[in-house]
Amino acid sequence: MMKGKLEPSERQKFIEKGKNLKEALASFEEDLVKLSDELQQEAQSIPNMTHPDVVYSIEGSDQCLIGTAEIPVGGVHMDSILAETVLPLKYAAFSHCFRTEAGAAGLATRGLYRVHQFSKVEMFVLCRPDESDTYHEELITIEEDLFSSLGLHYKTLDMASEDLGAPAYRKFDVEAWMPGLGRYGEISSASNCTDYQSRRLGIRYRPAELAASTNPKKGGKGNLAPTKFVHTLNATACAVPRMMICLLENNQQEDGSVIIPEPLRPFMGGMEVLLAKHHTG
């Protein structure tokens with residue numbers, strides 16, 4: 001507010017100075033938003049501290065052994081912008097997995113139920129946000145169809161929030177009956193991580209439709225729709241050791257032989273039964 005009378009020329013100087021300050025402030029605010037976003041991106045790339053005894057590192061290097069193929073498969077499209085037309089992307093990855101199984105105790109620590117190294121087939125999906133619930137159901141259906149075809153007795157659990165890991169928006173666990181343990185044991189899970197992982201990995205897609213332009217004369221790249229983060233989902237198709245537990249324990253006969261489920265027989269040379277080996281002293 002300007003008090004007192006000023007010469008017109010002097011008054012105009014103050015008006016111009018005010019305009020310049022207003023424009024500079026707007027520019028600084030834009031820079032602040034940009035820098036805040038960049039700072040957030042950098043902060044998200046910093047992992048939490050880890051206990052020296054833990055998830056397996058390779059001595060003499062900065063590399064670690066994975067606990068699931070979900071990690072490297074998610075990194076395939078890191079820092080990329082996908083065309084909407086290529087979505088969904090569906091992957092199945094076979095890998096060796098390494099876990100410390102910290103805190104495990106009791107009978108399950110012996111045998112195949114809790115092991116430090118095992119092989120697993122993992123399913124991974126990248127899709128549009130409005131489709132992730134549908135593909136979550138699809139992954140669960142694949143798991144259930146697989147376990148049903150092998151004759152397993154299982155139940156599917158919709159996990160409560162307390163049992164969700166940090167990335168999961170919703171997670172289903174599949175537990176199968178394991179006679180040796182005398183209870184149901186987890187053999188699979190399926191998680192919808194929405195955009196939690198894609199924000200950290202920088203995986204976006206560009207919608208196919210053009211963005212509405214406020215300037216009809218402006219064309220070309222200015223009309224491209226803004227990018228959005230994809231949703232990611234992961235699910236276990238087959239964790240080999242626990243699948244072996246279910247197949248052997250549920251199909252073993254009194255004489256020690258094991259009936260081979262019909263879908264597996266073509267992979268066993270047509271064999272229908274695994275006969276027990278009898279040793280004589």
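The values are calculated or read from the model by the stated rules, or taken from the named source; none is laboratory data. Being a predicted model, the structure only gives us computed values, none of them experimental. For neighbour counting, all protein chains shown are included, and Cβ atoms are generated from backbone atoms with ideal geometry for every residue, glycine included. Just so you know, the surface numbers come from the protein's heavy atoms only, side chains and all, with ligands and any DNA or RNA stripped out. Shrake-Rupley method; radii C 1.70, N 1.55, O 1.52, S 1.80 Å.
Miscellaneous remarks
- Ile203 surrounded by 19 or more Cβ atoms within 10 Å (Cβ to Cβ), in contact with a His (Cβ under 7 Å, 6 or more places away or on another chain) and modelled with pLDDT of 85 or more: yes
- Annotation: His136 fulfils all but one of (1) part of a strand (DSSP E or B); (2) open to solvent by less than 40 Å² (accessible area, probe 1.4 Å); the unmet one is (1).
Every residue, every condition in (1) of a type in the set (A, V, I, L, M, F, W, C); (2) surrounded by 15 or more Cβ atoms within 10 Å (Cβ to Cβ), yes or no:
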residue: Gly74; (1), (2): no, yes
residue: Ser95; (1), (2): no, yes
residue: Val125; (1), (2): yes, yes
residue: Thr141; (1), (2): no, no
residue: Ser148; (1), (2): no, no
residue: Ala168; (1), (2): yes, yes
residue: Asp173; (1), (2): no, yes
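- Subset of region 159-179 [at pLDDT 90 or above, of a type outside the set (A, V, I, L, M, F, W, C) and over 17 Å from the mean Cα position of the chain (by Cα)]: Glu175, Pro179
- For beta carbons closer than 7 Å, sequence separation of 6+ or different chains, a first residue in region 162-182 that is of a type in the set (Gly, Ala, Ser) and a second that is open to solvent by 60 Å² or more (accessible area, probe 1.4 Å), the qualifying pairs are Ala176/His153; Ala176/Tyr154; Ala176/Tyr184; Gly180/Glu249.
- Every residue from region 76-92 that is part of a strand (DSSP E or B), among the hydrophobic types (A, V, I, L, M, F, W, C) and in contact with a Lys or Arg (Cβ under 9 Å, 6 or more places away or on another chain): Ile81, Leu82, Ala83
- Residue match in region 48-70 (condition: surrounded by 10 or more Cβ atoms within 10 Å (Cβ to Cβ), at pLDDT 80 or above, part of a helix (DSSP H, G or I) and not basic (Lys, Arg)): yes
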